[in-house]
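A.B. asks: Supplied in structure tokens, the structure appears directly below.
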Amino acid sequence: MSVRSVLKYARISSQKARQVTRAITGMPVSQALSILDFTPKKAAFLIGKTLRSAIANAENNHELDASEFIIESAIATPGPVLSRIMPRARGSAAPIKKRMTHITIIIGAPKVEEPKAEGEKKAPKSARRDAPAKKKAAKAAKAKVSE
């Protein structure tokens, strides 16, 4: 089961927040929290806050133990932009964009791969890869027959 937490309208650009979200995606929750605590960025504080909220959601709302969870995805999407004006020389003005972002974190249990039995076959190869091998096998069979 996966649990998610969203922080909306965070006053940071999504580009800056994505630098931190890329670093923690796929990590165990405990390791990600320790990395976020020692990352000297504003985005790390905001993402850590959202991650702690996701952990609390898992424990309180869904009665799960979040200690062995991993971060399935951490996404920073752009939110609305506040347009402001900065006065410039000769009565002109320059635009200033104050960007916001929505931070979404989804945590879940790690996926366990089941070991295959010895008798099971491997997954079939794609048709493109199989075609040259079949042609070579057919030529070898024709060569044996003609000998």
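A.B. asks: Of the options Ile71, His102, Gly26, report the single residue whose Cα projects farthest towards the positive end of the charge dipole of the range 2-108 (beta-carbon charges: Lys, Arg +1; Asp, Glu -1).
C.D. replies: Projecting each Cα onto the dipole axis, the largest value belongs to His102.
A.B. asks: Cβ neighbours within 10 Å, averaged per peptide: list 37-49, 99-111, 76-88 in order, most packed at the top. Don't skip to the answer; put the middle values down first.
C.D. replies: Values: 37-49: 16.2, 99-111: 18.5, 76-88: 12.3.
The densest-packed peptide leads the list: 99-111, 37-49, 76-88.
Throughout, read-outs are computed from the coordinates displayed, never taken from laboratory work. Quick caveat, the model's predicted, so the values are computed rather than measured. All Cβ positions, glycine included, derive from the backbone under ideal geometry; neighbour counts span all protein chains shown.
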